[in-house]
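The values are calculated or read from the model by the stated rules, or taken from the named source; none is laboratory data. Every value quoted in this text rests on a predicted model; they were computed, and no experiment measured them. Here the Cβ is made from the backbone with ideal geometry for all residues, glycine too, and neighbour counts use every protein chain on show.
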Amino acid sequence: MIELRPQGAVQHNLIAPSLLAANFGNLEKEMAWFNDSAADWLHLDVMDGVFVPNISFGFPVLEYVARLTSKPLDVHLMIVQPEKFISQVRDLGAAVMNVHQEACLHLHRTVQQIHEAGMRAAVTLNPATPVSTLEEIIGDLDVVMLMTVNPGFGAQKFIEHSLDKVRRLRALIQRTGSKALIEVDGGVNRTTAPLLREAGVDVYVTGSAVFGSADPAREVDVMKGLTAIE
């Protein structure tokens, strides 16, 4: 498996730009700055128009983007029955396969299958889903991602009580001895990133704040500074 984090550290500041906010008319240019930047992961949001009220992109786009970078791919499946696509996500060379707790009838089995495919297993919780739903599986997870907006659209306003949810998740991880990283997705920008750092976040998915800036690589550097662990 691809190593996702520095060895021995407790909390991290990994920046994962979300391709959903990129200019799809010139993906080569977008990936060029991404590859040269301090960004750690590339976050890929797959939407089916069923689990979420929107459609994004499918495997032809994912395969194309995967050829343009060697950085870890964080594939976030906002779809029903994500377990059907484990082999296809693996074949992309993805480091992380991210499924929603709400979309998996047999979550433990899906997590096992992701691991058997050689990927890190991530589970996402929607804003209304409590952290306690992961009590029985937190020890098996490599990443837990909290949606800090409702999934399905970019450029939404950050849900402020998500900070308390991050703290509850951090407490669960510490209490159980889990090694899971905490990832957040939605409304991450210069204002919210320091607050999320203080709450205990490790991985920051950021879309329009980076891709919409005049100098995306510079914005990644700014986000790195704002989320640095002292």
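Of the residues making up the range 182-214, those that are over 24 Å from Phe24 (Cβ atoms) and either in a loop (DSSP other than H, G, I, E, B) or small (Gly, Ala, Ser) (or both) are Arg190, Thr191, Ala193, Ala199, Gly200, Val201, Asp202.
Candidates His108, His115: the one that is farther than 18 Å from His76 by Cβ, modelled with pLDDT of 95 or more and assigned to a helix (DSSP H, G or I) is His108.
Could you tell me whether any residue of the range 156-170 is at pLDDT 95 or above, surrounded by 15 or more Cβ atoms within 10 Å (Cβ to Cβ) and either acidic (Asp, Glu) or touching a Lys or Arg at 6+ places or on another chain (Cβ under 6 Å) (or both)? Checked the range 156-170: no residue is at pLDDT 95 or above, surrounded by 15 or more Cβ atoms within 10 Å (Cβ to Cβ) and either acidic (Asp, Glu) or touching a Lys or Arg at 6+ places or on another chain (Cβ under 6 Å) (or both). A single entry from Ala39, Ala66, Ala32 fulfils the requirement of being modelled with pLDDT of 95 or more and surrounded by fewer than 16 Cβ atoms within 10 Å (Cβ to Cβ): Ala32.
Of all residue pairs spaced 6 or more apart or on separate chains, those with beta-carbon atoms under 6 Å, a first member in the range 72-99 that is within 21 Å of Val205 (Cα to Cα) and a second member that is among the acidic types (Asp, Glu) and surrounded by fewer than 22 Cβ atoms within 10 Å (Cβ to Cβ) are Ile79/Asp48. Within the option set Val184, Val210, Val149, being at pLDDT below 95, crowded, with 20+ Cβ neighbours inside 10 Å, among the β-branched types (Val, Ile, Thr) and under 17 Å from the mean Cα position of the chain (by Cα) holds for one residue only, Val149.
Counting just the residues of the range 104-124 that are touching a Lys or Arg at 6+ places or on another chain (Cβ under 8 Å) and of a type in the set (A, V, I, L, M, F, W, C), which one comes out surrounded by the fewest Cβ atoms within 10 Å (Cβ to Cβ)? Among residues in the range 104-124 that are touching a Lys or Arg at 6+ places or on another chain (Cβ under 8 Å) and of a type in the set (A, V, I, L, M, F, W, C), the one surrounded by the fewest Cβ atoms within 10 Å (Cβ to Cβ) is Ala117. Of the residues in the range 167-177, not one is farther than 25 Å from Ala95 by Cα, aliphatic (A, V, I, L, M) and not in a helix (DSSP H, G or I). Restricting attention to the range 215-230, the residues that are more than 11 Å from Pro17 (Cβ to Cβ) and not in a loop (DSSP other than H, G, I, E, B) total 6. Entry remark, the range 69-87: residues being part of a helix (DSSP H, G or I), of a type outside the set (Asp, Glu) and crowded, with 16+ Cβ neighbours inside 10 Å number 3 in total.
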